[in-house]
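Heads up: the structure comes next, in structure tokens.
What follows is calculated from the coordinates using simple rules that are stated; it is not laboratory data. None of the values given here were measured: they were computed from a predicted structure. Here the Cβ is made from the backbone with ideal geometry for all residues, glycine too, and neighbour counts use every protein chain on show.
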Amino acid sequence: MRVKNKSIIVTGAGGGIGEGIALRLAAEGARVIVNDINAALGEKVVSEILRAGGDAAFFKADVTKSAEVKALVDAAVQRHGKLDAMVNNAGWTHRNRPALEVSEDEFDRCYAVNVKSIYLSTVHAVPALRANGGGSFINIASTAGVRPRPGLTWYNGSKGAVITTSKSLAAELGPDNIRVNCINPVFNPTTGLATEFAGGELTEERLAKFRATIPLGRFSTSLDVANAALYLASDEAAFISGVCIEVDGARCV
């Protein structure tokens, strides 16, 4: 088992990519804290992990609230005696539309969920990782931060911020044996935000338009992203820090 007994938090793990990551890490021996703002969805993921013989517990927290992120980290340390990794997966996007049509509230929410959450996880998880002799952050960014599409300007900018922040943190936290990496998935039509990302109903015509930009000819899946997260969380990636792995079928080439 590649992450046996590692204590790992996965935010936004009640469905989609986060659920896939939590399931994959648990299957490889991790002791997972499943986080989401939706308790019913999070508990469902925990139940699935437990039925498969894995180790998981649910903790409800809003990743934009400092006290709640601190409580989330504390819960992992109290349950497992340590924290080895934090997967910052929780994300949000405004609907695909012209930049001037996105409201200020939508802009604020986009940056709070996608960027402020990275700040808060750093503030509260770094002390726990230092106490453990090191560990890692895995931040789920997006190909949108590398090759932005029109209509998602403020979302694109937030993911670009995640990428740059992750690289800066990798340089700053390296002396503490803390690794910081990103994963950049391409469009996944099965996630809860897919309709907003695409700008409307996922018709075959709209899906074909997105698919045509991916040289491998298909969309990313939660398992594709989860496999990358598993590698970055494992000791196999002990010397990997400050990188972004594009899980995108060559979309960003």
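Note on the chain: GNM, Cα springs under 10 Å; of Asp62, Asp108, Asp36, the largest mean-square fluctuation is that of Asp108.
Beta bridges from DSSP with both residues in the chain: antiparallel share about 0 percent, rounded to the nearest 5. Taking Ser66, Ser103, Ser121 in turn, the Gaussian network model of the chain (Cα-Cα springs below 10 Å) assigns the largest fluctuation to Ser103. Count charges around Asn227 for me, please; just the other residues with Cβ under 13 Å from its Cβ, Lys/Arg as +1, Asp/Glu as -1. Charge balance near Asn227 sits at -1.
Let me test this: with uniform point scatterers at the alpha carbons of segment 1-124, what is the Debye-based log₁₀ I(q)/I(0) at q = 0.10, 0.12 1/Å? Summing over Cα pairs of segment 1-124 leads to -0.31, -0.44. Separation of segment 1-20 from segment 181-205 is 21 Å, based on Cα centroids.
Globularity index of the chain is 0.95 (Cα radius of gyration / 2.2 N^0.38 Å, N = number of residues). In plain terms, the residue of Ser47, Ser234, Ser7 with the fewest other Cβ atoms within 10 Å comes first and the most crowded comes last, giving Ser47, Ser234, Ser7.
Report note on the peptides 85-91, 23-29: ranked by the mean count of other C-beta atoms within 10 Å, highest first, their order is 85-91, 23-29.
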